[in-house]
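*Asks:* Before anything else, here's the structure in question.
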Amino acid sequence: MTSDIDKLKADLKRWTLILGVLQITVGCFIGFIPPSAVAWFRGIVMAHIEFTANGVLMVAFGFLVHQMRLPPLALKAWFATLQIGTWTNGAAGVAAAFLGASSPLMPTLNEKFPPPNGTDSLAVTGLLQLCGVTIILALLLTLVGLWRAKTRVSELTS
């Protein structure tokens, strides 16, 4: 019989894979939005790229769940931060597209493709900041979980 932690890991893997593929699908559908439908088409391009790339990241991380050695609360925090971080990245592009405004956190994009309504949207900046913090937390939890699993394997083989 599987333990509670094994069931949690199996559930998190399943949902991480499903939501990762969903995110890739959303990114592909966003790519169909025509330039005339939004105020700043570069936001759509950004959202398309970020949703698809982050969906692939999420799928890859879904296959790591069983390798990580974290307590249940940390695994749930890992899942939550991964979801929030990856989804808010693409959401920032969607917001920028429809608002016609971007963030000072995107200086190269702003320089090459100036948005019509400016480069200081609090919504876009907030989404990007939330994305950055939560993805870093998910990455750190992944590293800790993988490191602890390695340490556990070393202890068992000694």
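The values are calculated or read from the model by the stated rules, or taken from the named source; none is laboratory data. Please read all numbers here as calculations on a predicted model, not as lab measurements. Heads up, the Cβs are rebuilt from the backbone with ideal geometry, glycines too, and the neighbour counts pull from every protein chain shown. Ligands, DNA and RNA are excluded from the accessible area calculation, which covers all protein heavy atoms including side chains. Shrake-Rupley method; radii C 1.70, N 1.55, O 1.52, S 1.80 Å.
*Asks:* Checking the conditions here, which among 80, 95 is within 22 Å of residue 16 (Cβ to Cβ) and modelled with pLDDT of 95 or more?
*Replies:* Exactly one residue qualifies, and that residue is 80.
*Asks:* Still on this model: Test each condition in (1) more than 15 Å from the chain's Cα centre (by Cα); (2) closer than 30 Å to residue 119 by Cα for residue 65 and report the one that comes out false.
*Replies:* Residue 65 satisfies all of (1) more than 15 Å from the chain's Cα centre (by Cα); (2) closer than 30 Å to residue 119 by Cα except (2).
*Asks:* Of all residues in the stretch 44-70, count the ones that are more than 21 Å from residue 128 (Cβ to Cβ) and either touching a residue at least 60 places away in the same chain (Cβ under 8 Å) or assigned to a helix (DSSP H, G or I) (or both).
*Replies:* Number satisfying all stated conditions: 10.
*Asks:* Take the residues in the stretch 95-112 that are assigned to a helix (DSSP H, G or I) and open to solvent by less than 40 Å² (accessible area, probe 1.4 Å), then tell me which one is farthest from residue 33 (Cα to Cα).
*Replies:* Taking the stretch 95-112 and keeping what is assigned to a helix (DSSP H, G or I), we get 95-99, 107-112.
Now drop any that are not open to solvent by less than 40 Å² (accessible area, probe 1.4 Å), which leaves 95-97, 110.
Numbers: 95: 13, 96: 14, 97: 10, 110: 21 Å.
That would be 110.
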